[in-house]
Each structure stands twice: as C-alpha cells, then as structure tokens.
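Scroll down for the structure; my scribbles are underneath it.
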Amino acid sequence: MPEVVLAALETAGLGWLILITIVAGIVYGFAGFGAALIYMPVAVIFLAPVMAIAAFSVSAMSSVVTVFPKALPLVNRKAVTVLILSATVSASFGIWVLRVTDVIVIRWAVVIFCGLTLVALIAGWRYRVEPTTGTRVMIGGAAGFVGGLSGLMGPIMVLFQLAGRDSISTTRATTVVFLTVTSMLMLPLMAVQGVLTAKAVALGVVLLVPYGIGALIGQALFRPERERFYRAVAYAIIGLATLAGVPIWNGM
C-alpha cells in the first residue's frame, strides 16, 4: 500500500472524521446544504484548516455520481453558471488569505461564521425581488472568498437561495449543483497555490466513500413536502457541529 495512503489511515481522529463525514453526507443529500458546516468545525479539531478543506473537496467529488445527476435538470443553468464562475474567481484570493493567516484565527472564523449563518437561516429572512446577474456575481464572489478562506463555500449561497422564492426542490438542486462543481474547482486552485498535498488527497479519497454513502441515504430520505422537518434536522446538526468545533474545548 502506498506510503501516503498509510499516512492518511494513521490520521489522528480518523474514526471521528469518517463519522462526521457520513453525517455531513446524509444532511447534504437530505437538505441540499450543510455538509461543510457540519464537517469543517469538527475536522479542524484534528486537521490543519488547509488539510481539512482539501480533503473535503476531494471527498465531495462523490456528489458527481450521487446527488448531482438528479439535481442538474432542476436548476436555472445560466444563473448557477454565473454563481459558479464568480465563486471560482474569488476563491483563489480566499485560499491565499488562508495560507497567510494564523490557524486559530481560521478556526474561530469557521465556528463564528457557522453560528452566524445558522442564526440567519433560522430567522427565515426572505427577499421579494428577482435577483439580477450583478447580484449573482456578488453573491458568488462572496461565497467563493469565504469558501477559499474557510472551506465554507455554501453558507452565503444557501442563505441567498433560501431567502428567495424558488420551490424547495429548485433551491435544493441549485445548491447541490453549485457546491458540487465549486468543490471540484477548488482542487486545481489549491494545487496552483501549493496547498493541495498528497496526504490531503489520500485522506479525501478515504473519506469519499463514507461521504457518498451518506449522500445517497440523505437523498433517499428527501421529501419536498417535508420542508420544515428537514430544515429543522439540518439546523440542529449544524448547531451541534459548530459547538463541537469551538477551539476552547481543547484549550485553544
């Protein structure tokens, strides 16, 4: 077995990482969002933020064969393309900030951003106007920067979608397509800046199957008519994961 794979299998807290990856996959397949919000606060307990983000981006590629195919026909392709392109451009700057920022600062940024996003989602803010291309460019750009910095590509995008007037099926599909594609595009962006290590890729491959299995389970549980229930479940798990990731639990 290649040395890099053995190193990945010896990662501290691997059992917890696999467990949280399965849970993240279930919520992602079920609600269409929340995977990174669940995974990142716990992952940064055991991994450096750069390693956690890279491994998650690799594992998220399983979405291409699990939830992505059913979601693609339901989205406004022009709108989601604008979001994806603008996010990709700004993500590079977010990755650069990640490289030069203290690890503890990043950890606090992750849990604070998770908490604020959760509060905003629960508050149920909605907008009543049709978003323009310019609006989507700004939303995608903001999501990409935060995604590059913290691995949380989804929160701003999810808030934007949930605040709109689309059906829950369309909202879920749009976030699935956006997050699947941007997760894949994060890999070459990280490679260019030299933060995509072989160990991170190997760990992501190890987590790929658990994430995919979780996503399939979540997708099977999804029922459009049970919007309140699946939102409540996702919010509860996101909240617990955010609390678990607060640096003070391990003395930081």
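Just to check your reading of the model, which residue among THR81, THR101, THR135 is of a type outside the set (Asp, Glu) and either in a loop (DSSP other than H, G, I, E, B) or in contact (Cβ under 8 Å) with a residue 60 or more places away in the chain (or both)? Quick ask: steps written out before the conclusion?
Details: THR81 fails: either in a loop (DSSP other than H, G, I, E, B) or in contact (Cβ under 8 Å) with a residue 60 or more places away in the chain (or both); THR135 fails: either in a loop (DSSP other than H, G, I, E, B) or in contact (Cβ under 8 Å) with a residue 60 or more places away in the chain (or both).
Only one candidate qualifies: THR101.
So which of ALA35, ALA79, ALA71, ALA7 is under 18 Å from ALA198 (Cβ atoms) and of a type in the set (A, V, I, L, M)? Working first, answer last.
Numbers: ALA35 fails: under 18 Å from ALA198 (Cβ atoms); ALA79 fails: under 18 Å from ALA198 (Cβ atoms); ALA71 fails: under 18 Å from ALA198 (Cβ atoms).
Every option except ALA7 fails the conditions.
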Note to self: Among the listed residues VAL110, VAL146, VAL177, VAL181, identify the single one that is among the hydrophobic types (A, V, I, L, M, F, W, C), under 24 Å from GLU225 (Cβ atoms) and within 16 Å of the chain's Cα centre (by Cα).
What the structure shows: VAL177
Item checked: So ALA7, is it within 18 Å of CYS114 (Cβ to Cβ) and either touching a residue at least 40 places away in the same chain (Cβ under 8 Å) or in contact with a helix residue (DSSP H, G or I) (Cβ under 8 Å, 6 or more places away or on another chain) (or both) -> no
Next item on the list: Keeping to the stretch 138-181, report how many residues are in a loop (DSSP other than H, G, I, E, B) and closer than 28 Å to SER62 by Cβ.
Entry: 6
Notebook entry, point to check: Of the residues VAL111, VAL75, VAL97, VAL65, which is modelled with pLDDT of 90 or more, at negative phi and touching a helix residue (DSSP H, G or I) at 6+ places or on another chain (Cβ under 6 Å)?
Noted result: VAL75
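Of the residues that sit in the stretch 63-96 and are among the β-branched types (Val, Ile, Thr), surrounded by 14 or more Cβ atoms within 10 Å (Cβ to Cβ) and out of contact with any Ser or Thr (no Cβ under 8 Å at 6 or more places or on another chain), which one is nearest to PHE33 (Cα to Cα)?
Keep residues of the stretch 63-96 that are among the β-branched types (Val, Ile, Thr), which gives 64-67, 75, 80-82, 84, 88-89, 95.
Filter once more, so that each one left must be surrounded by 14 or more Cβ atoms within 10 Å (Cβ to Cβ): 64, 66-67, 75, 80-82, 84, 88-89, 95.
With the extra rule that they be out of contact with any Ser or Thr (no Cβ under 8 Å at 6 or more places or on another chain), the set shrinks to 66, 81, 89, 95.
Details: THR66: 14, THR81: 18, VAL89: 22, ILE95: 22 Å.
Residue satisfying both the conditions and the ranking: THR66.
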Notebook entry, point to check: For the stretch 10-45, which residues satisfy the criterion of being closer than 18 Å to ILE112 by Cα and out of contact with any helix residue (DSSP H, G or I) (no Cβ under 6 Å at 6 or more places or on another chain)?
Noted result: ILE45
Notebook entry, point to check: Taking the stretch 148-198 as the search range and keeping residues that are within 19 Å of ALA215 (Cβ to Cβ) and among the small types (Gly, Ala, Ser), which one is surrounded by the most Cβ atoms within 10 Å (Cβ to Cβ)?
Noted result: GLY151
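The values are calculated or read from the model by the stated rules, or taken from the named source; none is laboratory data. Note that this is a predicted model, so its numbers are computed, not measured. Note that each Cβ is placed from the backbone with ideal geometry, even for glycine, and that neighbours are counted across all protein chains shown.
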